[in-house]
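The values are calculated or read from the model by the stated rules, or taken from the named source; none is laboratory data. All values derive from a computational prediction rather than experimental measurement. With ideal geometry, Cβ positions are generated from the backbone for all residues, glycine too; neighbour counts draw on all protein chains shown. Side chains included, ligands, DNA and RNA excluded: accessible areas come from the protein's heavy atoms. Shrake-Rupley method; radii C 1.70, N 1.55, O 1.52, S 1.80 Å.
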Amino acid sequence: MQNIAALEQEFESKIERGISIEPKDWMPEKYRKTHIRQISQHAHSEIVGMLPEGNWITRAPSLRRKVALLAKVQDEAGHGLYLYSAAETLGISRDELFEQLHSGKAKYSSIFNYPTLSWADMGAIGWLVDGAAIINQVMLTRTSYGPYARAMVRICKEESFHQRQGYEIMLTLSKGTPEQKQMAQDSLNRWWWPSLMMFGPTDAESTHTAQSMKWKIKLKTNDELRQQFVDITVPQAEILGLTIPDPDLKWNEEREQYDFGAIDWEEFWQVVKGHGPCNKERIAARKNAFEGGAWVREAAIAHAEKKAARTELKKAV
Amino acid sequence: MNNEQLIINNAVDKAVLADYITMLSDNSMILGHRLSELCGHGPSLETDIALTNISLDLFGQVRMYLQYAAQLKDEETTEDTLAFLRYPNQYRNVLLVEQPNTDFAYIIARQFFFDAYHALLLEELKQSTDETIRAIATKSLKEVSYHQRFSSEWLKRLGDGTDISHEKMQAAVDHLYPYISELCEASPLELEMQATGIGANLAQLKAAYFERVNSVLEEATLTIPENKWTQSGGKKGIHTEHLGYILADFQYMQRVYPGMEW
Ligand SMILES: [Fe+2]
Ligand SMILES: [Fe+2]
């Protein structure tokens, strides 16, 4: 028992001094579990997040846009890969993590349960969803768990590129024909509130915040981050000449921040609990890919074993 | 040869050359489209990323070809008008590349059958008398060598993997094999371009192609189908039913919102 107390003390002191925790280091079970939960949730968000944008790859309006969108969605697959690898360092397999996603045990970002209904959604998602992700994630580049922090450095660089690319799509549309401008406005109308929900429940209702702040998974609260997002995004919408669908939105001179309207938390919980517009389709698509690909993965293993056996045989001869 | 003749030949060549280049790009474009349908749905993250890479390479090639073809045409023509605004019978890709993503074995068989041809074609085009085509072929060949490695490795893995994968791989090969002879059958346009030294000599690469294909099939422990019946028509603009649906997706935005900047 004394031994564990000493390990715990060493662990706490590392966290306090900002020394990163590495896979081989001792860590409290709760730290390991929390990180598996958070990193895998993040990984799942990356790969489920491929689906709504993947929906428009075949219909992209120009070759240049098609290539950029393909590359973007591929980046998200890469993010998923880094993050699953980071989670695996905590002693869980990728297949187990997939099982958790498919069974509904593991969560992913709710935003990806909304449908993509027009090309403008490729702009709005890049601008708002990748934009919100950056605000949520940039602090994770300094989080306490080493493999997670390092994955996040690479990821954040690419997310800011995605954000600029999305904004540029919106800018092109808003400078285009009336139909295009209307398409952009319609898209902003649909993605604005779900984007604000990406920061999670209000601080009063958030269960993980205190512990997460101690372990540097979080440096700011949900509400602080949400405010930051609104303050950054409103002027960007003004440049586009688009209207944010919130009649209560206005600059507060005193706070030097925007006031904004109440979020529909009922909708938030409905989507989180699996009853959003596309929850079932998203999970079904992931399950299909995984289960439909089982014979491929099995064949690869069988082939590698055959090959190894043949090499052994050659050596023996 | 006097000067006057040269200029006239040149003028004729421009339109024909643009046509040939567009035809070259069509195979990459339609196969790239098929692969792009898979993004987010691959059997593993690694294969998902790899197939998307191939799609990205193919669309990169399409853009190089079509930007060149557009330059040879009138001022209104751009890479996008060439890519998106033709009628279905004006696309001249081979039937092979428009075949659907039935399962991963079909995806791999289609890819390998095309890659093996594509690499040989680009080897030929590296000798083209047209400087731009030479440059595109040189750059593309590096990518396609990788594609060929990827698809032939997977063909062997699945052919010589489990009983199930062997069966699926054989079924895909049997289904797609009749489509591959079209690759090496030269159309009048291809013959014309071959004669000028710009285009590839397809008759010449046919033997090497089948040798390559059959040797990999053998290595994958698969049976080489008896090549009695063949399917062709794409080079003449006579396609399978699949192309109409591909284009319905592919052209959607340009058709619904014509003449806009994106
Ligand atoms: Fe991402
Ligand atoms: Fe992103």
Margin query: Could you identify which residue out of A:Ala133, A:Ala210, A:Ala149 has the top mean-square fluctuation in a GNM of chain A using Cα springs shorter than 10 Å?
Written below: A:Ala210
Next item on the list: Within 10 Å of each Cβ in peptide A:298-311, how many partner chain Cβ atoms are there on average? Round it to a whole number, please.
Entry: 5
Notebook entry, point to check: Got a number for carbon plus sulfur as a percent of the stretch B:91-179's accessible area, 1.4 Å probe?
Noted result: 49 percent
Check: In degrees between 0 and 90, to the nearest 10, how far off the longest principal axis of chain A does helix A:63-88 point, with axes built from Cα atoms?
Finding: 40 degrees
Margin query: Need the per-residue list for the stretch B:44-67: every residue with at least 20 Å² less accessible surface in the complex of protein chains than in the chain by itself, probe 1.4 Å, sorted by number.
Written below: B:Leu45, B:Glu46, B:Ile49, B:Thr52, B:Leu56, B:Phe59, B:Arg63
Next item on the list: Note down the magnitude of the dipole of the stretch B:1-136 about its Cα centre, charges +1 on Lys and Arg C-beta and -1 on Asp and Glu C-beta and zero elsewhere, to the nearest 20 debye.
Entry: 160 debye
Check: Near the amide H of B:Gly161, under 5 Å away, which other amide H atoms are found, from residues 5 or more places off or on another chain, if H is placed in the peptide plane?
Finding: B:His166
Note to self: Give me the net charge for the shell around B:Thr162: Cβ to Cβ below 12 angstrom, other residues only, Lys and Arg +1, Asp and Glu -1.
What the structure shows: -1
Item checked: Net +/- balance of residues flanking A:Met139 in space, Cβ distance below 9 Å, scoring K and R +1, D and E -1 -> +4
Note to self: If I model a spin label as a point 7 Å beyond the Cα along the Cα-Cβ vector, how far apart are those points for A:Glu8 and A:Glu96 in nm?
What the structure shows: 2.4 nm
Checklist line | Dipole axis of the stretch B:8-256 (+1 Lys, Arg; -1 Asp, Glu on Cβ), positive-most option in B:Gly42, B:Gly159, B:His242 | finding: B:His242
Checklist line | Distance (nanometres) between label positions extended 7 Å along Cα→Cβ at A:Thr311 and A:Glu238 | finding: 6.3 nm
Item checked: Distant-in-sequence amide H partners of A:Asp25 (H built 1.01 Å from N, under 5 Å) -> none
Notebook entry, point to check: Other chains near B:78-85: what is the mean number of their Cβ atoms within 10 Å of each residue's Cβ?
Noted result: 2
Next item on the list: Within 10 Å, count the other beta carbons around each residue, average over each peptide in A:50-58, B:194-202, B:175-183, A:95-103, and list them highest first.
Entry: A:50-58, B:175-183, B:194-202, A:95-103
Check: What does the accessible area per residue of the stretch B:8-256 come to in Å², with a 1.4 Å probe and no ligands, DNA or RNA counted?
Finding: 40 Å²
Next item on the list: Summarise the partner chain shielding of B:161-171 as one whole number: the mean count of Cβ atoms from other chains within 10 Å of each residue's Cβ.
Entry: 4
Margin query: Connecting C-alpha atoms closer than 10 Å in a GNM of chain A, tell me which of A:Glu305, A:Glu205, A:Glu238 has the biggest fluctuation.
Written below: A:Glu305
Next item on the list: Mind scanning A:Lys314/B:Lys142; A:Lys33/A:Lys287; B:Lys73/B:Lys139; A:Lys157/A:Lys181 and naming the pairs with a C-alpha gap bigger than 26 Å?
Entry: A:Lys314/B:Lys142; A:Lys157/A:Lys181
Next item on the list: Please compute how much accessible surface disappears when A pairs with B, both sides summed, using a 1.4 Å probe, and round it to the nearest 100 Å².
Entry: 4000 Å²
Check: Using the alpha-carbon atoms, what tilt in degrees (0 to 90, nearest 10) does helix A:2-17 show relative to the longest principal axis of chain A?
Finding: 40 degrees
Next item on the list: Report the trypsin sites (Lys or Arg not before Pro) located in the stretch A:69-158 that are in a DSSP loop and have at most 13 other Cβ atoms inside 10 Å of their Cβ, or state none.
Entry: A:Lys105
